[in-house]
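What follows is a short report on a single structure.
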Amino acid sequence: MNFEEWRHNTRAWLFHFIGNETRAYDEYVIAYRHNPTAEAARSLGAIQAKQDHYPEAAHWFEEAVRLDPENAETWFNLGFVREHSGKLHESIEAFREAVRLKPIIDRAWYGMGMAYAQLGDHAEAVKALEESCKLQPLNAEGRYQLGMACFHSGDMKRTRAAIVELKNMDSKRANKLIKDTGTHEFDDLITELPF
C-alpha cells in the first residue's frame, strides 16, 4: 500500500466513522484510484447502497467481485443491490454464487427465494426459502415467505406445514399467512388472539 492510498483510506474511514458519508465516499474513490482494491470497492458499494443508490452500488460490488471473486459476502451484497435495482435474474446469479462459496449464508438463500418469487417461479422460491429456514429456523419472516411460496406453487400440504411451523413461533404472523392465502382451507389453524 502506498502512502497516498493509505492516507485517503484512513480519511475515508474517519469520515465514515463520524457519519459524513459524502466525504467518506470521495476519499474512498481517491484511494481506489491509487490502488483498486476489493476492500475499497466494497466500501464504495456499501455507501451507495446505504443511500439507496442501487445501480451505483451494483457497479462497485461488481468491481469488488472482479477483484476478489471468492468473497461470498460481496456476492451477497451484489445480489442484494441487483434485486433492489429490479435486476432479478442477475440478483439470483449473485446469490447463487454466494451460496456456492459459502452455503451457510441464510440471507443469500432468502434473497434468492424472494427474487424467484417476484419472478413467479414459486417452485424455485420454495427450494431457496427452505434452505434459508433450515439455517435460521426461528426466522418468522422466512417461514411466512416459505408458506406463501408453497401456496403459490400449489403445494397445500407444505403450506399447511409452514403455517403450523410459523404458528409455533409467531401466532400473529401465522394468522396473517392464513389470511394472505385468500382461501378458507387453513381456517382450522387460526389462533384466537386476546388482542
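Mind checking which pairs have a first residue in the range 127-142 that is not polar (S, T, N, Q) and a second that is not in a helix (DSSP H, G or I), Cβ under 7 Å, 6 or more apart or different chains?
Correct list of pairs: 133/139; 135/104; 138/169; 140/169; 140/170; 142/136.
Of all residues in the range 96-123, which are crowded, with 18+ Cβ neighbours inside 10 Å, more than 10 Å from the chain's Cα centre (by Cα) and small (Gly, Ala, Ser)?
98, 117
Considering only residues that are closer than 18 Å to residue 123 by Cα and open to solvent by 60 Å² or more (accessible area, probe 1.4 Å), which ones fall in the range 155-182?
Once the filter is applied, which keeps residues that are closer than 18 Å to residue 123 by Cα and open to solvent by 60 Å² or more (accessible area, probe 1.4 Å), the range 155-182 yields 155, 157, 160.
I need the full set of residues from the range 10-30 which are of a type outside the set (Asp, Glu), surrounded by 18 or more Cβ atoms within 10 Å (Cβ to Cβ) and farther than 19 Å from residue 77 by Cβ, in order please.
Scanning the range 10-30 gives a single hit, 15.
Let's see how each residue does on (1) aliphatic (A, V, I, L, M); (2) at pLDDT below 95; (3) in contact with a Lys or Arg (Cβ under 9 Å, 6 or more places away or on another chain):
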| position | (1), (2), (3) |
| --- | --- |
| 88 | yes, no, yes |
| 91 | no, no, yes |
| 94 | yes, no, yes |
| 161 | yes, no, no |
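For residue 183, which of the numbered conditions (1) farther than 29 Å from residue 55 by Cβ; (2) at pLDDT 95 or above; (3) not small (Gly, Ala, Ser) fails to hold?
Answer for residue 183: the failing condition is (2).
Condition check ((1) part of a helix (DSSP H, G or I); (2) in contact with a Leu (Cβ under 7 Å, 6 or more places away or on another chain)) across all residues:
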site	(1), (2)
104	no, yes
107	yes, no
116	yes, no
150	yes, no
177	yes, yes
185	no, no
188	yes, no
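Can you pull out every residue in the range 47-65 that is of a type in the set (Phe, Trp, Tyr) and farther than 12 Å from residue 84 by Cβ?
60, the sole residue that qualifies.
Output yes when any residue across the range 140-154 is closer than 30 Å to residue 70 by Cβ and open to solvent by 50 Å² or more (accessible area, probe 1.4 Å), and no when none is.
Checked the range 140-154: at least one residue is closer than 30 Å to residue 70 by Cβ and open to solvent by 50 Å² or more (accessible area, probe 1.4 Å).
What's the total number of residues in the range 31-74 that are on the phi < 0 side of the Ramachandran plot, of a type outside the set (A, V, I, L, M) and open to solvent by 50 Å² or more (accessible area, probe 1.4 Å)?
Number of matching residues: 17.
Go through the range 152-175 and give me each residue that's farther than 21 Å from residue 111 by Cα, polar (S, T, N, Q) and not in a helix (DSSP H, G or I).
Once the filter is applied, which keeps residues that are farther than 21 Å from residue 111 by Cα, polar (S, T, N, Q) and not in a helix (DSSP H, G or I), the range 152-175 yields only 168.
The values are calculated or read from the model by the stated rules, or taken from the named source; none is laboratory data. These numbers come from a predicted model, not from an experiment. Using ideal geometry, Cβ is built from the backbone for each residue, glycine included, and neighbour counts are taken over all protein chains shown. In case anyone asks, the SASA skips ligands and DNA or RNA and just uses the protein heavy atoms, side chains included. Shrake-Rupley method; radii C 1.70, N 1.55, O 1.52, S 1.80 Å.
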